[in-house]
Amino acid sequence: MTRTGPLVLMIILFSACAVLFTDIVEFGSLEVHTVTRSGAPVTGSELVLYNDVQVMSVGLTDTDGIHRFDFVPPQFYGISNEPPKGHWRIEDLVGGPSTAYIDGITIEEGDQKSFSFTFLRVGPGQINVSVMDSDGIPIEKTQVLVYGSEGTLSEKVVGPSGLVSFDSVSFGNRGVRVVPPRSYLDIDEGFFFQHGLIIDEDWTEEVNFVLEKCLGTIRASVQDASGAPVEGHPLRLYSSTETLEMEDTGVDGLAVFDSIGCGAPRGLELTQTPGWLFEEGRGLSFYDGISVTQGSDQTFSFSVERCSGTIRASVQDASGAPVEGHPLRLYSSTETLE
């Protein structure tokens with residue numbers, strides 16, 4: 001005789017418990033995306049779902065870069081990733097906080113949550129460089145270099161558009177250095193740069209340089225022996241090869257040379273003018289070795305003396321007697337003085 005009654009009763013009880021459990025607990029799900037910085041899906045990344053006690057599930061992302069963890073009970077979780085061959089985590093290239101995992105994920109009943117990881121894909125990218133002045137005018141003849149830890153990778157010169165493009169820049173941590181014309185530099189052999197440019201497959205990095213001309217101001221103060229300002233005295237600003245500017249002092253005794261290009265050396269000197277004398281020498285009639293830097297404002301002082309004397313005219317008749325009231329004219333090469 002077969003006894004089936006207790007067995008049937010146990011099956012009914014277990015089925016009832018299962019129905020009761022599934023009615024009470026509603027599972028959640030976690031969808032994980034793995035992509036490159038340019039948004040392309042990453043296939044074959046290993047993902048691990050874990051809690052404080054154990055690994056709950058392991059999966060690989062599909063051709064769409066997606067893996068879904070289903071039937072996830074309510075709890076606290078974390079997800080870790082492993083990049084597939086040909087892919088890097090960003091911190092493996094440039095350092096920084098770890099992107100290998102996401103912790104502190106709370107799943108409540110029925111939750112459907114989504115998370116993503118971004119990888120670098122080994123392969124060439126592109127760098128576009130713009131070099132303009134503050135008015136948006138291209139700075140032609142600027143030398144542009146792309147470099148990495150291995151040295152200079154490529155070099156171009158900016159044309160009328162102000163733009164240069166570097167195609168097929170190799171994977172890695174890159175930088176761009178620009179060497180504009182001398183008028184934009186504070187010192188000889190200067191340059192501007194941006195570094196920390198991460199280049200991976202199909203990534204395009206836009207780099208913009210906005211440069212201002214390097215300019216400074218030189219002032220000359222001219223006073224007489226009493227310390228009073230001298231108006232109208234000419235001064236010459238010069239370089240080692242040419243006269244840069246000529247200016248006359250104003251009523252305040254100042255001559256201002258503004259918007260002077262940076263660099264060295266510069267010189268500043270008094271020039272001869274009728275009615276005034278000055279002592280010759282460095283620091284007296286001229287200053288040399290003046291260096292102009294971005295935004296610099298320098299003042300140099302000069303002292304001059306009034307040049308004056310007396311001219312007498314004696315008028316006599318044929319007998320040697322003085323002649324009264326005869327007019328005379330004192331003149332220069334250009335005008336009547338008195």
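The values are calculated or read from the model by the stated rules, or taken from the named source; none is laboratory data. Since we're looking at a predicted model, the values are computed, not measured. Positions of Cβ are generated from backbone atoms using ideal geometry, with glycine treated the same way; all protein chains shown enter the neighbour counts.
Points worth noting:
- Residue in the stretch 304-318 that is within 30 Å of PRO180 (Cβ to Cβ) and surrounded by 14 or more Cβ atoms within 10 Å (Cβ to Cβ) present: no
- When ILE79, ILE127, ILE107, ILE66 are checked against the criterion of being under 28 Å from the mean Cα position of the chain (by Cα) and hydrophobic (A, V, I, L, M, F, W, C), ILE127 stands alone in meeting it.
- Across the stretch 79-117, the qualifying residues are those that are hydroxyl-bearing (Ser, Thr, Tyr) and out of contact with any His (no Cβ under 9 Å at 6 or more places or on another chain), and the one among them that is surrounded by the most Cβ atoms within 10 Å (Cβ to Cβ) is SER80.
- Taken over the stretch 170-185, the criterion of being among the β-branched types (Val, Ile, Thr) and within 16 Å of ASN208 (Cβ to Cβ) is satisfied by VAL176, VAL178.
- Check on LEU244, among the aliphatic types (A, V, I, L, M), touching a strand residue (DSSP E or B) at 6+ places or on another chain (Cβ under 7 Å), surrounded by 10 or more Cβ atoms within 10 Å (Cβ to Cβ) and within 30 Å of PHE191 (Cβ to Cβ): yes
- Of the strands (runs of 3 or more DSSP E) lying entirely inside the stretch 144-201, those carrying at least 2 residues that are within 28 Å of SER134 (Cβ to Cβ) and touching a His at 6+ places or on another chain (Cβ under 9 Å) are 172-179.
- From VAL256, VAL222, VAL210, residue being among the aliphatic types (A, V, I, L, M), closer than 25 Å to PRO180 by Cα and either touching a Pro at 6+ places or on another chain (Cβ under 7 Å) or modelled with pLDDT of 95 or more (or both): VAL210
- Set GLY104, GLY110: member being assigned by TED's automatic domain parsing to the domain that holds VAL53, outside any loop (DSSP other than H, G, I, E, B) and farther than 18 Å from SER45 by Cα: GLY104
- Sole exception among (1) part of a strand (DSSP E or B); (2) surrounded by 11 or more Cβ atoms within 10 Å (Cβ to Cβ); (3) not basic (Lys, Arg) for GLY289, by number: (2)
Conditions (1) touching a residue at least 12 places away in the same chain (Cβ under 8 Å); (2) among the hydroxyl-bearing types (Ser, Thr, Tyr), marked per residue:
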residue: GLN223; (1), (2): yes, no
residue: GLY227; (1), (2): no, no
residue: ARG236; (1), (2): yes, no
residue: ASP248; (1), (2): yes, no
residue: GLY253; (1), (2): yes, no
residue: VAL256; (1), (2): yes, no
residue: CYS262; (1), (2): yes, no
residue: GLY267; (1), (2): yes, no
residue: THR273; (1), (2): yes, yes
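- Each residue in the stretch 202-236 was checked for being within 25 Å of SER134 (Cβ to Cβ) and in contact with a Gly (Cβ under 8 Å, 6 or more places away or on another chain), and 5 pass.
- The listed residues are GLY281, GLY267, GLY261, and the only one of them that is at pLDDT below 90 and of a type outside the set (A, V, I, L, M, F, W, C) turns out to be GLY261.
- Among the residues of this structure, VAL129 counts as one that is aliphatic (A, V, I, L, M), assigned by TED's automatic domain parsing to the domain that holds VAL157 and in contact with a strand residue (DSSP E or B) (Cβ under 7 Å, 6 or more places away or on another chain).
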